[in-house]
1. Could you list all residues from region 44-71 that are under 30 Å from Y11 (Cα atoms), surrounded by 14 or more Cβ atoms within 10 Å (Cβ to Cβ) and of a type in the set (S, T, N, Q)?
2. Could you list, in sequence order, the residues of region 1-39 that are part of a strand (DSSP E or B), at pLDDT 95 or above and either on the phi > 0 side of the Ramachandran plot or not β-branched (V, I, T) (or both)?
Amino acid sequence: MANRGEKLLSYLADYVVFDLETTGVSCHTDQVVEISAIKVKDHQVVEEFTSLVNPGCPIPYYATQVNGITDDMVADAPAFEQVLGDFLRFIGDLPLVGHNIHKFDMLFIYRDCEKFFGEAPGNDYVDTLSLSCACLPELKNHKLTDLAAYYGIATEGAHRALNDCRMNQQVYEFLGKRLTEHPTELNVCPKCGKELVKRKGKFGWFWGCASFPACRYTKNIS
């Protein structure tokens, strides 16, 4: 969709970290059961948002085993249409940050915004999974809890949305500082902050900006 935001690999001062818990992993058939967000201004947390969601269907046992959210917990919770509207007002036009949101959370947000409101939000976003792979290629695993442990951040309460947001916000700040301190060592476009991808041209392989042709930055592969 043309109105969807762009994926960035950038260190931002103002942003909103968000996370979803769902009934499963499919954005086609599963539903949101919890959404949380943390608003950050000038690298400081200024406000939090969190709500359970009644998905309108039973929560599968395997989902409860991961996030601890049960049918009883969401029985009196609002439907996602209401909560999603509150979330959109909370984020405004700020960029979004989250872990694995490019292939998971944003798909649920886009799907339900288009379903309930007729259009997807245009907020740009940073996926800390992609950012961590660019900044810390030496790590074997890039799960959020692995990154938190790497940086000495407490992981208690993982897989509940607000706890994951708090963890992710701290991880993002660490990754952002590394991105700022060592930009030439990372596969990040210095012009626009997008990811550099491996491409083959007339003279062989090279790194090119993922936003080509909007950005034509290239770098030789050493």
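The values are calculated or read from the model by the stated rules, or taken from the named source; none is laboratory data. None of the values given here were measured: they were computed from a predicted structure. Note: ideal-geometry Cβ built from the backbone for every residue, glycine included; neighbour counts use all protein chains shown.
1. Answer for region 44-71, where residues must be under 30 Å from Y11 (Cα atoms), surrounded by 14 or more Cβ atoms within 10 Å (Cβ to Cβ) and of a type in the set (S, T, N, Q): T50, S51, N67.
2. Residues of region 1-39 that are part of a strand (DSSP E or B), as a first pass: 7-8, 15-22, 32-39.
If we keep only those that are at pLDDT 95 or above as well, we get 15-22, 32-39.
Within region 1-39, Y15, F18, D19, L20, E21, E34, S36, A37, K39 meet the criteria.
Residue-wise test of (1) buried (at least 16 other Cβ atoms within 10 Å of the Cβ); (2) assigned by TED's automatic domain parsing to the domain that holds V40; (3) more than 19 Å from the chain's Cα centre (by Cα).
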position: N141; (1), (2), (3): no, yes, no
position: G157; (1), (2), (3): no, yes, no
position: N163; (1), (2), (3): yes, yes, no
position: F203; (1), (2), (3): no, no, yes
